[in-house]
1. Could you give the angle, 0 to 90 degrees to the nearest 10, between helix 49-60's Cα long axis and the longest principal axis of the Cα atoms of the chain?
2. Suppose accessible area is computed on protein heavy atoms with a 1.4 Å probe; arrange 160, 215 from highest to lowest.
3. Quick one: compute the contact order of the chain, relative version, from alpha carbon pairs under 8 angstrom and 6+ residues apart, as a percent.
4. For the chain, compute the number of Lys pairs whose alpha carbons are separated by less than 26 Å, excluding pairs fewer than 8 positions apart on the same chain.
5. Taking amide hydrogens as modeled 1.01 Å from N in the peptide plane, which residues meet the under 5 Å criterion relative to residue 173, leaving out close sequence neighbours?
6. Quote to one decimal, in nm, the extra length available between residue 76 and residue 160 on full extension: 0.36 nm per residue of separation minus the C-alpha distance between them.
7. Please give the helix 114-126 orientation as an angle from the longest Cα principal axis of the chain, in degrees from 0 to 90, rounded to the nearest 10.
8. Residue 21 to residue 108: extension gain in nm, 0.36 nm per residue of separation minus the Cα-Cα distance?
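The values are calculated or read from the model by the stated rules, or taken from the named source; none is laboratory data. All values reported here derive from a predicted model rather than from experimental measurement. All Cβ positions, glycine included, derive from the backbone under ideal geometry; neighbour counts span all protein chains shown. These area figures cover heavy atoms from the full protein model, side chains too; ligands, DNA and RNA do not enter into them. Shrake-Rupley method; radii C 1.70, N 1.55, O 1.52, S 1.80 Å.
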Amino acid sequence: MLGSADEVVGLKQVVDGDTLRLSDGRRVRLIGVNTPELAHRKRPAQPLAKEAKDFTERFLAGGDLELVYDRDRRDKHGRVLAHVYNHRGDSLESALLSAGLAFHIAVAPNLSLSECLASREQVARQKHRGVWSPDLWPVLQAAQVSPGDGGFVLLRGTVKKVHRNRFIWLDLDGPVALRVDPRSAPTLRQKKHWRGDQILVRGWLVDRGAKYARKNPKHKRWFIAVDAAETIDFIQ
């Protein structure tokens, strides 16, 4: 834990594996993890979505919650961003990652526990638990990205070109680039040679649209923001 709890709160509802509704009506989004999505509108449930929600309900049962804040306390949807612990002081994020029911994500500036959470995920990967079970979770190939693709993905690609401004932009094969923030990922800032590297990245695939692509033909239409080195794997 980063320190003592900033708030002790009551739980009203587990919305899904990584989103909670508190007794006072606020919604909380866990920092550092992304669990599979439940069925929504016309989209089917992702693998292990129900299992992640059920796990969170069991883990938090029996008492109040402890919230510990990082640097940003709200996301763009107005949800509270927090590290969540149950009444025994156990980390929900760590438990989800260890069980293979979540992916570790890193969104600046809330990176205080990024290395710790990445280590929990690594154990699940080594033991092929949950989302890391062979052939369970689809891996999107960068070269195959097309209109309609977006949202959270595991994406694999090869670095073809590198250019820099305030970010390090890694152009992959296909219409995708990675936007690496060197301020929050210093180990990636120090890397000199990228071209030809095969990588696996997890994050949100953003489509800037056909209009953007027409106006900026030298830029990739899709990108993924990389705020921590732990969200990129180099494939041998």
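1. The two axes meet at around 40 degrees.
2. Numbers: 160 115, 215 145 Å².
So the residues, ranked largest to smallest area, are 215, 160.
3. Values: 494 pairs, mean separation 35.3, N = 236.
Computed over the chain, the figure is 15 percent.
4. Count of close lysine pairs: 29.
5. It is 158, 160, by chain and number.
6. Here the segment from residue 76 to residue 160 would lengthen by 27.0 nm.
7. 80 degrees
8. On the way: separation 87, 0.36 × 87 = 31.32 nm, distance 2.35 nm.
Length gained, residue 21 through residue 108: 29.0 nm.
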